[in-house]
Amino acid sequence: MDTPQTLSILTTGGTIACTTDATGALIPTLSGEDLVSPLRERFDPQRVRLRVRELGRLDSSSLRLREVDEIIQAVHQELTDPTVAGVVLTHGTDSLEETALALDAFHADERPVILTGAMKPSDAPAPDGPDNLFEAATIALDPAARGMGALIVLGHKVLPARGTVKEDTSALAAFSYRGPAEPQRPTPLPVAALDGHRVDIIAAYPGAPRDLIDSALSSGAEGLVIEAMGAGNIGTDLARGVETALDQGVPVVVSTRAALGEVRFDLWRRRWRSLPGGARGIGLRIFARGPSPHGLACDAGCRSGARGGVLSLARPCLNQSAQRS
C-alpha cells in the first residue's frame, strides 16, 4: 500500500474559527482540531493524513508583521517534511490577501500553499467555513496546483495570491482577481523578516498635503508607497514631499488607485530624473493592499539598486492602499 499523503493544516483564527457570544460579537473559540475534525470524515485516511497545527486565534485586522513572519516560518517548516503534499492556512478574511502575498513572495517550493477562511461564523445557520476548508484541502492535494505558489480558495473560487483583493464586506465570494489576464510569478525572494521594517503607504487625493510624507519621514519610514491618482499623478504639494524623500535617500514606489493600466507619472518624471537617484522603472510584480508588502517594497528597492530613486510599477503590478479592506 502506498504511503498516505500528508496535508498540513495551519490555523490562525478568523471568522472561520468564531462563534457568536450573547452580545453578537464574534469570538474565536474553535481550536485547530475543532476545525479539522469534520474534514477527517471526508478524506480516506489510507490515502490522506491530515495534520493540524494551531498557530493562534487572531482577529486578522489586528495582525502584525511579527505574526506574518511566524506564519511564513511555520509554512516553511511544514514543507521540510517530504511527505507533505501541500499546506492549507485558515485565516481571517480582513487581511488574508496581505498574508497570501507575503507567503507567495517567499515561496519557492513547488507544493501549493492554500489560504482560506469564512465570511460566516461557525455557529451561523449555514456556515461557509467547512466547505471552504474542504475545497482548500482538495486543491492543495491536486497535482495541478503544484508550481502555482500561494492560492486563495474561498467562495468556490481558486485565485492567485497576486492580484486578488477582498472587494465585498459580506458576500460569501468576497474575493476577486483584478490582476493581468495571464499572471506571472516573479522569482521568489529569500526568506527575510518583515517585522522591524517601516514603509508607509500614502494615498494621493486632491489637496493632499506634503506633511503626510514629512510626518512619515520624521517617524522613521524606510520607504514610501504612494497610491497616486490616474496614471501616477499627484498634487504639487505631495510631489514636493516626494522630492524631499528622494533627497534623503528614501526609496519611493509609485502606484495608482486605478484598477487597471500603466503607472507613468508623466507630470513629474522629468523632474525626478534630475534628482540624485533618478527615476527608475522596473518589472516588479507585486499586487496587494495593506501592510504585508512593506518590507518587500523596501527590499525590492534595495535589490534593484534603486535606493533613493522612484520605482514606477505598471498597474496591476502593484496596488497598495492605506485603507483596510
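The values are calculated or read from the model by the stated rules, or taken from the named source; none is laboratory data. The model shown is predicted, which means the values in this text are computed figures rather than measured ones. Note that we place each Cβ from the backbone using ideal geometry, even for glycine, and neighbour counts take in every protein chain shown. SASA here: full protein model, heavy atoms, side chains in, ligands and nucleic acids out. Shrake-Rupley method; radii C 1.70, N 1.55, O 1.52, S 1.80 Å.
Just to be sure I understand: of the beta bridges DSSP finds with both ends in the stretch 5-177, what percent are antiparallel, rounded to 5? The answer is about 30 percent antiparallel. Need one number: nm distance between label points at residue 184 and residue 262, each 7 Å from Cα along Cα→Cβ, rounded to one decimal. Output for this residue pair reads 1.5 nm.
Defining a contact as two alpha carbons under 8 Å apart and six or more residues distant in sequence, what relative contact order in percent does the stretch 5-177 show? Computed over the stretch 5-177, the figure is 24 percent.
Heavy-atom surface analysis with a 1.4 Å probe gives the stretch 158-237 a carbon and sulfur content of 53 percent of its accessible area. For residue 256, nonlocal amide neighbours, meaning residues 5 or more places apart or on other chains whose placed amide H falls under 5 Å from its own, are 228, 320. Sequence-ordered 3J(HN,Hα) estimates for the stretch 78-84 from the Karplus curve with 6.51, -1.76 and 1.60 and θ = phi - 60° stand at 4, 7, 6, 8, x, 7, 6 Hz, glycine and proline given as x.
In the context of the full protein assembly, residue 27 retains an accessible surface of approximately 70 Å², using a probe radius of 1.4 Å and ignoring ligands and nucleic acids. Extension gain for residue 231 to residue 83 (0.36 nm times residue separation, less C-alpha to C-alpha distance): 48.6 nm. Let a ≥ b ≥ c be the square roots of the eigenvalues of the Cα gyration tensor of the stretch 1-115; is it rounded (a/c under 1.5), or, if not, prolate (a/b larger than b/c) or oblate? Here the stretch 1-115 falls in the oblate category. Checking every one of the trypsin sites (Lys or Arg not before Pro) in the stretch 48-84 against DSSP loop status and a limit of 16 other Cβ atoms within 10 Å picks out 64. For the stretch 29-75, the alpha-carbon coordinates run over 38, 24, 12 Å along the three principal axes, in decreasing order. Note on residue 70 and residue 144: their simple-model spin labels are 3.6 nm apart, each label 7 Å out from Cα toward Cβ.
A crude spin-label estimate for the pair residue 176 and residue 108, with each label 7 Å from Cα along the Cβ direction, gives 3.7 nm.
Of the residues 89, 106, 71, the one whose Cα sits farthest towards the positive end of the charge dipole of the stretch 64-121 is 89 (charges of +1 on Lys and Arg Cβ, -1 on Asp and Glu Cβ, taken about the Cα centre).
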